Amino acid sequence: MSGLETAIRNALERSERSNAEVRARIYQSARQALENGLKKQEIEDPEIIANQRHRLEAVIHAIETEERTALKARAVTPVVSLAEVKSNADAGGRLSADPAANVRQEPGFQAEARLAGDGGLSALGGLRPERDGPSTQAVTGGGKSVEAARSGSVAPDLGVTDKRPRKRRRGRLLSFVMVVATLAAAVGAGVWWVQTNELLKSPAERDTNVANPPAVVETEDFPGAAGLPTLGAQEGFSDDWIEIFTPTDTAAVTPGARATAEPFDDDGGERIRLASAAGSKEGEVAIDIPADVLAQLSGKSSTLALSVQALPGKTTEFSVECDFGALGACGRHRFTAHDERVDMLFKISFGDRAAPGSSGKLLINSDVSGAGNSLDLYAIRVLPGQ
């Protein structure tokens, strides 16, 4: 945000900063630059966007407060050119040389009249406030303006206070181009700074030169879920593991009302892509577990392993539940999957219960937030207990 603040201050230095409309345009350009930067980074998190906008508005408010304070403290002084002073001095000299002139003298400016012999500074005597009558007229040395000065009805006015230098159109165009160029450079610098510092990534995605811990299961407060042991990710399986699901078993997959399951076979390998549009039961995908596998789990503490991967550049939090009929449930487990293939493991324990005579189901929700993030499922394996 310091880059945008610097850009705004540089733009004000190069523009007519006393004009409130000019300042407002500069602030609006800064806001648009921030929005463009966020879109370019594909930032869609409302909390991050709101935070960035709030910080920019705070910077704009602080700068505008400084500008208004400076304008109040700054004394407004009319600009007088040397050519105008010389011209007015000549006009004043002609009036003084005319013996018939009867110009009324203001008592408060006698000291200025005595400076007439010093470089023609007596012309400054015309810079006095009017007392009576209409606004003063410029003295040209002849015509009706001189006659009005002689009659004393109108105080002579050199026209200095009403003349202000006008900015040329070309100068304004150049200032606008400089403002746009400065803001564009500031936005580029801000985007580079954000990318370099990885501010928009989650803490788990940032490279802090320390290896991230392996993904683990998060057990929720469901009946029977308390105290469930969890395991980290694992690569490689021994012959003791039983593969109970592969992507070719499409008949064993049943998506819910707000879920989909599509087979994929490309350079990434053969897999089933699960997508849940709701975090409730309607977003779950059911996968059948054969009855003979459930029979090996009865009365034992076993381990389930899911080989999964999120979409490239994405992260999703998914959940897994068991519905093994008479054998019972295993609670609900939550995992966070990134865009690299990994094996998620968790323990399941069943007491001395009779083995069910029918198959069970493993219920998977690819995105517990209901945002519709997808999850690629490569295989499901189980290691029966001893």
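Some points to look at:
- Residue 254-residue 41 pseudo-label distance in nm [points 7 Å out on the Cα-to-Cβ vector]: 4.6 nm
- Neighbour net charge for residue 37 - beta-carbon separation under 12 angstrom, K R +1, D E -1: +2
- HN-Hα J in Hz across segment 357-368 - Karplus 6.51, -1.76, 1.60, θ = phi - 60°, x for Gly and Pro: x, 10, 6, x, 9, 10, 9, 10, 10, 5, 8, 5
- With a cut-off of 14 Å between beta carbons, the residues surrounding residue 250 carry a summed charge of -3, where Lys and Arg count +1 and Asp and Glu -1.
- Site pair residue 180 and residue 240 shows an inter-label distance of 7.1 nm when each label is modelled 7 Å from Cα along Cα→Cβ.
- Length-normalised contact order for segment 1-72 - Cα pairs under 8 Å, 6+ apart - percent: 41 percent
- In order through segment 259-274: 3J(HN,Hα) via Karplus (6.51 cos²θ - 1.76 cosθ + 1.60), integer Hz, x for Gly, Pro: 9, 9, 9, 10, x, 10, 8, 9, 4, x, x, 7, 6, 10, 9, 9
- In order through segment 286-296: 3J(HN,Hα) via Karplus (6.51 cos²θ - 1.76 cosθ + 1.60), integer Hz, x for Gly, Pro: 8, 10, 6, 10, x, 5, 5, 6, 5, 5, 6
- Remark on residue 278: its backbone amide H falls under 5 Å from those of 283, a criterion applied only to residues 5 or more positions apart or on other chains, H modelled at 1.01 Å from N.
- Under 5 Å from the amide H of residue 379 lie the amide H atoms of 307, each residue being 5 or more positions distant or on a separate chain, with H modelled from the backbone and absent for Pro and chain starts.
- Interchain or long-range residues, amide H under 5 Å from residue 316's placed H: 337
- Residue 20/residue 189 FRET efficiency (R0 35 Å; Cβ-Cβ; nearest 0.05): 0.80
Laboratory data are not the source of any read-out in this text; all were calculated from the coordinates shown. This structure is a prediction, so every number in the text was calculated from the model and none was measured. Don't worry about glycine lacking a Cβ; one is built from the backbone with ideal geometry, like all the others, and counts go over all protein chains shown.
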